[in-house]
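The structure appears below as structure tokens.
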Amino acid sequence: MTTHSTRMLILGSGPAGLSAAIYGARAGMKPILVQGIQPGGQLMTTTDVENYPGFADVIQGPWLMEQMQKQAEHVGTTMMWDTVVDVDLTRRPFRLTGDSGDVYEGEVLVIATGAQAKWLGLASEEAMKGKGVSACATCDGFFYRGKKVAVIGGGNTAVEEALYLTNHSDDVTLIHRRDRLRAERILQERLFAHPNITVLWNKEVREFVDGGGNAGLVALDLEDTRTGEHSRLDVDGGFVAIGHHPATELFRGHLALDEDHYIAVETGSTRTSIPGVFACGDVMDKTYRQAVTAAGTGCMAALDAERFLAEADFERLAEAAE
């Protein structure tokens, strides 16, 4: 067992964690970043990225994360590959224990573990990800301009995604397995009033149909939840919008979480319920969930952490002088 100690410890290696590392390293905090089960975050499973500022042409998600990691390492971040299985936030330095048995200590901790989209769990869904099947209309809707698309789900996320997609498509279908939506009333009213959205009730997706070759998604095989009858809906894009799982299991009982299990932070900051612990990216943001907003909150977390350490150092020096 080895103990790795640092001024700034970062958990998570998506845009939020790597941005925090870049800012933290440039501030002289010599951060250690522990990568988890999915190094690079959700962008590692994304192909075309067209909405990250600074690139005139379409870039690839894995390439963008590779560049962010190289930048973080170049300015002084130490990257560690381990899966954290236990945390001790009761005192500083905070301690994380990895599956390897190694211990990671940090005077401040930045949590950037992200969130994962919920999927239907179909084999055809897995095979068609990035080939017409997506879990983010804001990320990928632009690629379906003038095409026919479907959104699967019945909550706020699904209704918001369907409404957003009308910016690009004049043929949007919302598919829900029940006969009423769970979304807020105001969102339902907007949905039902929109002329370009059709709702299919009591339908479940049983298969995402591959057109073969380079065709990608061409249709959805639907099953009626009441009669069992099957039908086909021709579409160019299918958006699964049934919610997200924030990766906060490690911190339940250790940190304050909100009603949806996202880490609770002070409004306008990345400060959590424990002084010296900061959260950034999708693990605390259930509203925007974009790479650029994750990177922005990563910057905020590093600046918040730097200020916290500066104040702690000042107080320690003042006490020593008394």
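What to note about this one:
- Among TYR104, TYR164, TYR144, the order of accessible area from largest down is TYR164, TYR144, TYR104, computed with a 1.4 Å probe on protein heavy atoms.
- Long-range HN-HN contacts of ILE175 with modeled amide H, under 5 Å: VAL151, ILE152, GLY153, LEU200
- In Å, descending, principal axis extents of the Cα set of the chain: 77, 39, 35
- Straight-distance candidates among the aspartates and glutamates for linking to LYS203, with alpha-carbon spacing under 13 Å and chain neighbours fewer than 8 residues away dropped: ASP179, ASP221, GLU223, ASP224, GLU229.
- Normalised by 2.2 N^0.38 Å, where N is the number of residues, the C-alpha radius of gyration of the stretch 228-322 stands at 1.61.
- Residues of type lysines that LYS147 reaches as a straight line, Cα spacing below 17 Å, ignoring anything fewer than 8 places off in the same chain: LYS131
- Average accessible surface area per residue within the stretch 160-297, 1.4 Å rolling probe, Å²: 51 Å²
- DSSP H segments from the chain that extend 18 Å or more along their own axis, Cα-based, with Kyte-Doolittle mean of -1.0 or above: 291-321
- Residue by residue, the stretch 99-104 carries 3J(HN,Hα) couplings of 4, 6, x, 5, 10, 10 Hz when phi is fed to the Karplus relation 6.51 cos²θ - 1.76 cosθ + 1.60 (θ = phi - 60°); x denotes Gly or Pro.
- DSSP bridge orientation in the chain - percent antiparallel, rounded to nearest 5: 45 percent
- Here the Karplus curve 6.51 cos²θ - 1.76 cosθ + 1.60, taken at θ = phi - 60°, turns the phi angles of the stretch 135-140 into couplings of 10, 8, 5, 5, 6, 10 Hz, with x standing for Gly and Pro.
- Euclidean distance of C-alpha centroids, the stretch 1-63 and the stretch 234-277, integer Å: 18 Å
- Relative contact order (%) - the chain, alpha-carbon pairs under 8 angstrom, separation at least six: 20 percent
- Amide H contacts of GLY238: VAL133, SER134, ALA150, each under 5 Å away and 5 or more positions distant or on a separate chain (H built 1.01 Å from N in the peptide plane; Pro and chain starts excluded).
- For the stretch 48-132, the per residue solvent-accessible surface stands at 51 Å², with DNA, RNA and ligands left out and a 1.4 Å probe.
- Accessible carbon and sulfur surface of the chain relative to its total accessible area, %, 1.4 Å: 49 percent
The values are calculated or read from the model by the stated rules, or taken from the named source; none is laboratory data. The structure displayed is predicted, hence computed values, not measured ones. Accessible surface areas use protein heavy atoms only, side chains included; no ligands, DNA or RNA. Shrake-Rupley method; radii C 1.70, N 1.55, O 1.52, S 1.80 Å.
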